[in-house]
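Taking it in order: structure first as structure tokens, then the write-up.
The values are calculated or read from the model by the stated rules, or taken from the named source; none is laboratory data. This is a predicted model, so every value here is computed, not measured. All Cβ positions, glycine included, derive from the backbone under ideal geometry; neighbour counts span all protein chains shown. Quick note on the areas: whole protein, heavy atoms, side chains included, nothing else; ligands and nucleic acids left out. Shrake-Rupley method; radii C 1.70, N 1.55, O 1.52, S 1.80 Å.
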Amino acid sequence: MNKQDISNTKQLLSTSKKIVIVPHKNPDGDAIGSILGLYHYLLKSNHQVQVITPNDYPNFLKWIPGEQNILKHDSQTKKCDDIINDADIIFTLDFNALHRTGSMETVLEASKAIKIMIDHHQAPDDYATYIFSDVSMSSTCEMVYHFIDMLGDLNVIDINIATCLYVGIMTDTGSFRFSSTSSKTHRVIADLIDKGANNSEIHNNVYDTNSYKSLQLLGCALTNLKVIPESKTAYITLSQEELNRYDFKKGDTEGIVNYGLSLENIVLAAIFIEDKQEGIVKISLRSKGSFSVNDMSRTHFDGGGHINAAGGKSNLSLKDTVEKFISILPSYNKALNNE
Ligand code: 5GP
Ligand code: MN
């Protein structure tokens, strides 16, 4: 966003508007934290604001201030479409291409509203009127903080906004340890704590919500962990049958891929999760150093993300997806062994 864009946005938001805020499908902590942080901020500036997610999100996010006001497009499609069609401004947060909203793509594309993108993913599409994209940022939540700052409103940030933004910075940085965490990130976090975010309580609310079954599912995943030393790679599989056995709920597999990366001498970690309902295998990739899982996912798994964290999918069976993954690894051996 250049100076002119900032001044235009400021002008745009200087009178009351009908605003919709949308994150990507299967929203995570950063997606929900950023849309709700922005939601509270815009409400305080007297706008009419509605937050709409493409679908549901994990229970460990269902305590964040304002969460109960979110509409889900897949279960209330007509109501959501009417609100979108009537909007003056649509903020799209934590994604870089409209297809990342799944079935909301069509109605968003057709909307005449001014679109404002705030996002930190690589290679943003050009659908928005104003694009605030910064791939060096730890999280979209950190960017919403800077967005509020650019509008000269840091003093407007209250405990609700601070709590929402803290959630997404914490989850997208793996609790402030991924390389995207900068001193600037810590300064933002410090200010959010000063403004009322209760860091310890937020951590407990998000991370200490395991059920007995979800821990057993983690045990199953770790039992399935395989290592390919010559490619410095570890991968995990979870079949639909295993997910059913441990009473899988949305969010239960979040973060499991990182266990592969915690092994010594591992540069690339993957998890393959079978989803019989959607007829796909969902893939999460994580890496260390300069090995880009964004590139790997874009090239082979119809996905994308960041250098060290990306996602994708496969229409092959679970077994064939893993075979494909193993077959492409040798072409990356040089890069993987250089890390
Ligand atoms: P996760 O593995 O946790 O689902 O996603 C890791 C990162 O990759 C997130 O930043 C997420 O937004 C991005 N991502 C996940 N799935 C996809 C996908 O199918 N396409 C694209 N472009 N990005 C994805
Ligand atoms: Mn994010």
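Exactly one of (1) in contact (Cβ under 8 Å) with a residue 12 or more places away in the chain; (2) more than 23 Å from the chain's Cα centre (by Cα); (3) within 26 Å of G168 (Cα to Cα) is unmet by K232. Its number? Condition (3) is where K232 drops out. In the condition set (1) farther than 23 Å from L98 by Cα; (2) open to solvent by less than 20 Å² (accessible area, probe 1.4 Å); (3) among the aliphatic types (A, V, I, L, M); (4) more than 16 Å from ligand 2 (Cβ to nearest atom), V227 is compliant with all but (2).
Residues are listed down the side, and each one gets a yes or a no for (1) in the same structural domain as W63 (by TED's automatic domain parsing); (2) within 16 Å of ligand 2 (Cβ to nearest atom); (3) in contact with an Asp or Glu (Cβ under 7 Å, 6 or more places away or on another chain); (4) open to solvent by less than 30 Å² (accessible area, probe 1.4 Å):
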| residue | (1), (2), (3), (4) |
| --- | --- |
| A123 | yes, yes, no, no |
| S133 | yes, yes, yes, no |
| D149 | yes, no, no, no |
| T163 | yes, no, no, yes |
| G174 | yes, yes, no, yes |
| I193 | yes, no, no, no |
| N199 | yes, no, no, no |
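Selection of strands (runs of 3 or more DSSP E) fully inside segment 37-156 by the criterion of at least 1 residues being within 19 Å of T171 (Cα to Cα) and within 16 Å of ligand 1 (Cβ to nearest atom) returns 48-53, 89-93, 114-119.
I'd like the residue in segment 271-290 that is farther than 14 Å from N315 by Cα and touching a Leu at 6+ places or on another chain (Cβ under 6 Å) and, out of all such residues, is farthest from ligand 1 (Cβ to nearest atom). Selected residue: S287.
Filter segment 176-204 for residues that are within 16 Å of I159 (Cα to Cα) and in a helix (DSSP H, G or I) and give the result. Of everything in segment 176-204, those that are within 16 Å of I159 (Cα to Cα) and in a helix (DSSP H, G or I) turn out to be V188, I189, A190, D191, L192, I193, D194, N199, S200, E201, I202, H203. Which condition from (1) within 16 Å of ligand 1 (Cβ to nearest atom); (2) modelled with pLDDT under 95 is the one that T209 breaks? Going through (1) within 16 Å of ligand 1 (Cβ to nearest atom); (2) modelled with pLDDT under 95 one by one, T209 breaks only (1).
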